[in-house]
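This report concerns only the one structure given below.
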Ligand SMILES: [Cu+2]
């Protein structure tokens, strides 16, 4: 048993001498230590010990300003409640601006023994209120029958978070991957993200000056719960979204897929030319055949998943295929 008694008078001394890893193990932590602006974040609060031997029966996380659309994951044996309130400003969200939302999420009524660990999960969106390099803190309250911890200390500028006795877990905000690999670099064709398998992400090259490009990918859900593809991004494009295509008489029409594209358990969804596709708009450069573009797909449950889009020639109907005389843009 390596429990550290934070309430003990010795705790400060122990912590100041302890290795970072020891201190981090004892605190309430967040499993994922990095997040990307304008992308979803899956927050997994890890409770690794009780209060001086007592079981934990309440966990509450504060959603900081600039993190929006927070939703808790229900947890068997626990009751989840949320408190909502207005944000300091409006933030862009899937269907226009969002001005209010969940500020705290609290799980109560369960009993987590001191010698067991558990996780409390929420999903939220990181806005552009945080620049890459910033750290965003999620204060956490942990209550036991007797005793409690308030993991709420936030380091001031220049202060080392490891010197704090009850630090709020921090998540570092990092820029989305922006590297464009040289032509001919091998693209990884299959990526696993939780229950999802993401295969052959590719983009069709565009003539210089084009403002839009279509992207395609195959996604299989091997899990037992549905997930939803809600967004996509590449550094070359100002915006990425999911579009459907349909025939209106003899006219091909496309429209954004509202609320994301559902991938049911056991289902494979294929985005391909002439059908569902990723739509990249506001291009500030032209994807060139043979390039590999690092980008991301965002899912409601699986979060933001980095993917490598290979670029096929203008008019190609599949990755690696030669151009055809297809006149559709995507
Ligand atoms: Cu489109």
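In nm, to one decimal, how far is the residue 190 label point from the residue 34 one, both placed 7 Å along Cα→Cβ?
2.5 nm
Say R0 is 25 Å: what FRET efficiency, to the nearest 0.05, do residue 152 and residue 174 get from their beta-carbon distance?
Working: r = 24 Å, r/R0 = 0.96.
So, using R0 = 25 Å, E works out to roughly 0.55.
With a Förster radius of 22 Å, plug the Cβ-Cβ distance of residue 131 and residue 272 into 1/(1 + (r/R0)^6) and report the FRET value to the nearest 0.05. Numbers along the way, then the final one.
Values: r = 36 Å, r/R0 = 1.66.
My answer for the efficiency is 0.05.
For the pair residue 288 and residue 81, what calculated FRET efficiency results from E = 1/(1 + (r/R0)^6), where r is the Cβ-Cβ distance and R0 = 56 Å, to the nearest 0.05? Before the final figure, lay out each step's value.
Numbers: r = 52 Å, r/R0 = 0.92.
It comes to 0.60.
What whole-number distance in Å separates the alpha-carbon centres of segment 240-285 and segment 79-122?
Here the answer is 31 Å between Cα centres.
The numbers here are math on the coordinates, done by the rules we state, and not lab data. From a predicted model like this one, the values you see are computed outputs, not experimental measurements. Cβ coordinates were reconstructed from backbone atoms using ideal geometry, including for glycine residues, and neighbour counts include every protein chain displayed.
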